[in-house]
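Colleague: First the structure, which I've put down as structure tokens, then a few questions once you've had a look.
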Amino acid sequence: MQNVKKFSQNKNLLPNAKKTKVMDSDKSPALSILIDNEALENVTHFNYLGANIEADGKITPDIRKRLAIATSKLKSMMNIWKSQSTPLKMRILKSCIFPVATYGCETWTLTKKDVEKIDEFEMKCYRKILRIPWTARRTNQNIIQELGMKERQLLKNIKQQKLKYFGHVVRHNSLEKLCLEGAVEGRRGRGRPRRRWTQDISDWLGFSVRKASILAQDRDGFRSAVWEATSYKDPP
């Protein structure tokens, strides 16, 4: 930290000890870091560029936060949802609401509960623009058909963005690629292993991450694989 301070001062940038925070991972011991003999505050989470970073590495709080912000935005546009033009409302929904909900989704590691929450939010949006009350006995599939769609779109968009980001990372020598392919020394703790970011990649593509990394070097081939993994498939 003293080196950071030294180089920052050369650029006329002075670190503020009261505004600088320290966060340890959930398995590392707490460290005491000083700037000019003043200890930095150790936190369990912080907000970075609009995304929540948790010490335990869990992404669920950030997903819930994004969906809550998007829901608030949805409610603030009630005058628009009262319009009679459904195609116009769908365009506004996809351009103004969905991007708010999926901000930073490339870094998400989705659990089953997270997927359910995302699907629930999407259907809430569709019911809102169609002005369907919660008391109406309408199935989700019936609402999707009324909108002229074959399947839900939000989770599909998240998959496409994350797969494209994976391809971008593995094609370049960068810190992100080092973090993705690197290994940490030591033994894994007891208990069920937590779901990894790369498990989404292998599950969606249908083959290993190593094979996906090789395929990503061919942009056209990887683009076709992403399209195949996220395209609609008729039920048997």
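The values are calculated or read from the model by the stated rules, or taken from the named source; none is laboratory data. Worth saying up front: this structure is predicted, and the values here are computed from it rather than measured. Don't worry about glycine lacking a Cβ; one is built from the backbone with ideal geometry, like all the others, and counts go over all protein chains shown. All accessible areas refer to the heavy atoms of the entire protein, side chains included, with ligands and DNA or RNA removed. Shrake-Rupley method; radii C 1.70, N 1.55, O 1.52, S 1.80 Å.
Colleague: Taking helices (runs of 4 or more DSSP H) that fall entirely within the range 1-102, which contain at least 1 residues that are farther than 30 Å from TYR126 by Cβ? Break it down into steps so the answer makes sense when it comes.
Modeller: Working: elements: 2-10, 60-75, 78-81, 86-92, 98-101.
The qualifying helices (runs of 4 or more DSSP H) are 2-10.
Colleague: Same structure, new question: ASN47 versus (1) loosely packed, with under 10 Cβ neighbours inside 10 Å; (2) within 30 Å of PRO193 (Cβ to Cβ); (3) modelled with pLDDT of 75 or more: which is the lone unmet condition?
Modeller: ASN47 satisfies all of (1) loosely packed, with under 10 Cβ neighbours inside 10 Å; (2) within 30 Å of PRO193 (Cβ to Cβ); (3) modelled with pLDDT of 75 or more except (1).
Colleague: Would you check which residues across the range 139-171 are within 27 Å of LYS82 (Cβ to Cβ), in contact with a helix residue (DSSP H, G or I) (Cβ under 8 Å, 6 or more places away or on another chain) and free of Cβ contacts under 8 Å to residues at least 40 places away in the same chain and list them?
Modeller: ASN140, ILE143, ILE144, ARG152
Colleague: Would you check which residues across the range 80-109 are open to solvent by 70 Å² or more (accessible area, probe 1.4 Å), among the polar types (S, T, N, Q) and more than 17 Å from the chain's Cα centre (by Cα) and list them?
Modeller: First, pick out the residues of the range 80-109 that are open to solvent by 70 Å² or more (accessible area, probe 1.4 Å): 82, 84, 87-88, 91, 94-95, 103, 107.
Filter once more, so that each one left must be among the polar types (S, T, N, Q): 84, 95, 107.
Listed by number, the residues that qualify are GLN84, SER95.
Colleague: What about ILE35, is it under 14 Å from LEU155 (Cβ atoms) and surrounded by 13 or more Cβ atoms within 10 Å (Cβ to Cβ)? Lay out the reasoning, then the answer.
Modeller: Working: under 14 Å from LEU155 (Cβ atoms): no; surrounded by 13 or more Cβ atoms within 10 Å (Cβ to Cβ): yes.
Taking the combined requirement at face value, the residue does not satisfy it.
Colleague: Restricting attention to the range 149-194, and to residues there that are at pLDDT below 85 and closer than 18 Å to ILE59 by Cα, which single residue is most open to solvent (accessible area, probe 1.4 Å)?
Modeller: ARG192
Colleague: Something else now. Filter the range 59-79 down to the residues that are farther than 16 Å from ILE118 by Cα and polar (S, T, N, Q), then identify the one that is least open to solvent (accessible area, probe 1.4 Å). Before you say what the answer is, go through the steps one by one.
Modeller: The first filter runs over the range 59-79 and keeps only residues farther than 16 Å from ILE118 by Cα, leaving 75-79.
This time we only want the ones that are polar (S, T, N, Q), so: 76, 79.
On the way: SER76: 84, ASN79: 131 Å².
The selected residue is SER76.
Colleague: So, one more: So, restricting to helices (runs of 4 or more DSSP H) that lie completely within the range 123-236, which ones have at least 3 residues that are over 20 Å from the mean Cα position of the chain (by Cα) and either on the phi > 0 side of the Ramachandran plot or of a type outside the set (Val, Ile, Thr) (or both)?
Modeller: Numbers: elements: 140-146, 154-170, 175-181, 197-205, 209-216, 219-230.
Because the criterion is at least 3 residues that are over 20 Å from the mean Cα position of the chain (by Cα) and either on the phi > 0 side of the Ramachandran plot or of a type outside the set (Val, Ile, Thr) (or both), the helices (runs of 4 or more DSSP H) in the range 123-236 that meet it are 140-146, 209-216, 219-230.
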